[in-house]
1. Probe radius 1.4 Å, ligands and nucleic acids ignored: give me the carbon and sulfur share of the accessible area of segment 74-138 as a rounded percent.
2. Under 1.5 on a/c is rounded, so check that first for segment 77-187, then, if it is not, pick prolate when a/b is larger than b/c and oblate when it is not; a ≥ b ≥ c are the square roots of the alpha carbon gyration tensor eigenvalues.
3. For Leu172, list long-range residues whose amide hydrogen, built 1.01 Å from N in the peptide plane, is under 5 Å from its own amide hydrogen.
4. Tell me, what HN-Hα J-couplings in whole Hz come from the Karplus equation 6.51 cos²θ - 1.76 cosθ + 1.60 at θ = phi - 60° for each residue of segment 179-193, using x for Gly and Pro?
5. Can you tell me what the convex hull of the Cα atoms of segment 1-99 projects to on average, as an area in nm²?
6. Between Val93 and Gln243, 0.36 nm times their residue separation minus their Cα-Cα distance comes to what?
7. Taking loop as defined by DSSP and a crowding limit of 13 other beta carbons within 10 Å, which GluC sites (Glu not before Pro) in segment 202-238 fit?
8. Going through segment 68-117, which GluC sites (Glu not before Pro) have at most 12 other Cβ atoms within 10 Å and a DSSP loop state?
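The values are calculated or read from the model by the stated rules, or taken from the named source; none is laboratory data. Note that the coordinates shown come from a computational prediction; the quantities given were computed from them, not determined experimentally. Ideal geometry is used to build each Cβ from the backbone, glycine not excepted, and the neighbour counts take in all protein chains shown. Just so you know, the surface numbers come from the protein's heavy atoms only, side chains and all, with ligands and any DNA or RNA stripped out. Shrake-Rupley method; radii C 1.70, N 1.55, O 1.52, S 1.80 Å.
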Amino acid sequence: MNTESVQTFRAMGCDVAVAGGDQAAVAAVLEEWEAAFSLFRPESELSRVNRSRARVLVVSPLFAHALSVALEMAAATEGLVDPTLCGRRAEVVLSESLLSRPPGLALDLNGVVKALAVDAATATLDGPGFVSVGGDLAVRGPVDVALPAAGTIRVVAGGLATSGTASRGAHLVDPATGRASDSCWEQVTASGAACLDADVAAKAGFLLGECGPGWLDERGIPGRFVGLGGEIVENEAWTGATQAVSACT
């Protein structure tokens, strides 16, 4: 893809790159998600939900969708990526627009919101292109992407995401301890059918530490792991996927 067609700006606290679409349309989608879910905006719907002492609340369709996805991902990752951050997701009940949870139980949807926003923004593209927000990527058509600690990969469809400590420090919470993870990995990159799948997989792989590569392999998810000392580990699914792409190019 011609790099001259790439537009860049800031949104959701991250560097954003867009190709193949209208920057204003992408920016509007990202702002909608940030306005609803930012914990740094007191007026966001998530901030208002967390402040409320009511047990049952009516939430917007967008909020209900994001929370539903977050609960699904928590189940899929066996609680590794959990919107309650404390293993209490069973106490969160969502029925269409009605949310029930114990008063004082705060939600954090950052585990899925940025990736969902990227996928939604990519849907506005009018042809081949991509949307990248803070390194979380969704593509329409082949895009060559730089990888952490050197190297590149061609992403032909779906999404690619990286989680770790290199850019944002120790921000991923280990649900077993409730504290920042002390993973043996600095960065974990995963591929998926959408940015959401890739991002959740990357987070889970990071939090699982040494078990991450095998856990992703069990689910057929390509993963690339950069250790704290700079060593690079690619799981079997990653090696197989990159070989398949190379054979087709």
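1. Values: 1310 of 2400 Å².
The computed percentage sits at 54.
2. It comes out oblate by the Cα gyration axes.
3. Ser181
4. Per residue, the Karplus-derived 3J(HN,Hα) values read 10, 4, 5, 10, 4, 7, 9, 8, 8, 10, 10, 9, 10, x, 5 Hz.
5. On the way: hull surface 32.5 nm².
The directionally averaged projection comes out at 8.1 nm².
6. Details: separation 150, 0.36 × 150 = 54.00 nm, distance 4.33 nm.
Between Val93 and Gln243, full extension yields an extra 49.7 nm.
7. Values: sites: Glu210, Glu218, Glu231, Glu234, Glu236; in loops: Glu231.
Of the GluC sites (Glu not before Pro), the ones in loops of segment 202-238 whose Cβ has at most 13 other Cβ atoms within 10 Å are Glu231.
8. On the way: sites: Glu72, Glu78, Glu91, Glu96; in loops: Glu78, Glu96.
Within segment 68-117, the qualifying GluC sites (Glu not before Pro) (loop, at most 12 other Cβ atoms within 10 Å) are Glu78, Glu96.
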